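K.L.:
Got a structure for you, written out below as structure tokens; questions coming shortly.
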Amino acid sequence: MRHRKHRTSLGLVSGHRRALLANLATALLEHGKIETTQAKARAVQPYVEKLITLGKKGDLHARRQALAKLRYRPIVDHLFGDVATAFKERSGGYTRIIKTRIRVGDAAPMALIELVDKANVEAKEALDE
């Protein structure tokens, strides 16, 4: 039975949805914040939260799980290095969604999704370079 298994489909087949979420998560972890539609922001938020939790675990199995989701080693290294250390004291709620505007072309509601301690992550990157 599929009771309580509803997930936002975003009007995509499962393979495209997985690729979209992986690409949005990669962009969010790389840049610290992205602007997208509210529906996509709500869909990618738990995806990124689980990846950051994997980064905080830090073991080999968690790294392989994250690599299977993101498929881009430099971002996984960034996740397990800078992002995980920035959120080591926080026990959840790593991202926030801020409603921004209505897109002109199709009147889609837009939102900004960002890492909560983005300043800490950027400071860690500056120290590493």
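K.L.:
For His16, tell me the accessible area in Å² from a 1.4 Å probe, rounded to the nearest 10.
P.N.:
For His16, solvent-accessible area is about 120 Å².
K.L.:
To the nearest 500 deg cm²/dmol, what mean residue ellipticity at 222 nm is calculated for the chain from DSSP H runs of n ≥ 4 alone, each contributing -39,500 (n - 2.57), summed and divided by the residues?
P.N.:
-16500 deg cm²/dmol
K.L.:
Let me ask another. State the three equivalent ellipsoid semi-axes of the chain, derived from the C-alpha gyration tensor as the square roots of 5 times its eigenvalues, in descending order and whole Å. Provide the component values of the computation, followed by the final result.
P.N.:
Numbers: eigenvalues 124, 74, 34 Å².
Result for the chain: semi-axes of 25, 19, 13 Å.
K.L.:
So for Met1, Met110, what's the accessible-area order with a 1.4 Å probe, most first?
P.N.:
Values: Met1 205, Met110 10 Å².
Listed by decreasing accessible area, they come as Met1, Met110.
K.L.:
How far, in degrees from 0 to 90, does helix 60-70 lean away from the longest principal axis of the Cα atoms of the chain, to the nearest 10?
P.N.:
Tilt relative to the chain: about 30 degrees.
K.L.:
Out of the total accessible area of the chain (probe 1.4 Å, heavy atoms of protein only), what percent is carbon and sulfur?
P.N.:
Values: 4240 of 8230 Å².
Carbon and sulfur: 51 percent of the exposed surface of the chain.
K.L.:
Right, here's the next one. Which percent, to the nearest 5, of DSSP beta bridges fully inside the chain are antiparallel?
P.N.:
Close to 100 percent.
K.L.:
Probe of 1.4 angstrom, ligands and nucleic acids ignored: what's the accessible area per residue over the chain, in square angstrom? If you can, show how the numbers build up before the last one.
P.N.:
Numbers: 8230 Å² over 129 residues.
Roughly 64 Å² per residue, with all protein chains present.
K.L.:
Quick one: angle between helix 14-31 and the longest Cα principal axis of the chain, in degrees between 0 and 90, rounded to 10, please.
P.N.:
Approximately 50 degrees, to the nearest ten.
K.L.:
How much accessible area does Thr37 have with a 1.4 Å probe, in Å² rounded to the nearest 10?
P.N.:
20 Å²
K.L.:
Do any trypsin sites (Lys or Arg not before Pro) in region 1-69 lie in a loop, going by DSSP, with at most 13 other beta-carbon atoms within 10 Å of their beta carbon, and if so which?
P.N.:
Listed in order of number, the matching sites are Arg2, Arg4, Lys5, Arg7.
K.L.:
Just to make sure I understand: if all protein chains stay in place, what is the order of Ile52, Ile98, Ile34 by accessible area at 1.4 Å, largest first?
P.N.:
Values: Ile52 0, Ile98 70, Ile34 25 Å².
Heavy-atom accessible area, descending, gives Ile98, Ile34, Ile52.
K.L.:
Right, here's the next one. Over the chain, how many pairs of lysines fall under 12 Å by alpha carbon, counting only those 8 or more apart in sequence or from different chains? Please report the intermediate quantities before stating the final value.
P.N.:
Values: Lys33/Lys118; Lys50/Lys69; Lys56/Lys88; Lys57/Lys88.
Taking the chain as the scope, the lysine pair count is 4.
K.L.:
Students sometimes get this wrong: rank Asp106, Asp117 by accessible area, probe 1.4 Å, all chains present, largest first.
P.N.:
Numbers: Asp106 90, Asp117 40 Å².
The ordering from most to least exposed comes out as Asp106, Asp117.
K.L.:
Using the Cα centre of the chain as the reference point, and only Cβ charges (+1 on K/R, -1 on D/E), how large is the resulting charge dipole? Debye, rounded to the nearest 20.
P.N.:
Details: 25 positive and 14 negative charges, 198 e Å.
Value, rounded to 20: 960 debye.
The values are calculated or read from the model by the stated rules, or taken from the named source; none is laboratory data. Quick caveat: nothing in here was measured; it's all calculated off a predicted structure. As a convention, Cβ positions derive from the backbone with ideal geometry for all residues, glycine included, and neighbour counts pool all protein chains shown. Calculation scope for accessible area: heavy atoms of the full protein, side chains included, ligands and nucleic acids excluded. Shrake-Rupley method; radii C 1.70, N 1.55, O 1.52, S 1.80 Å.
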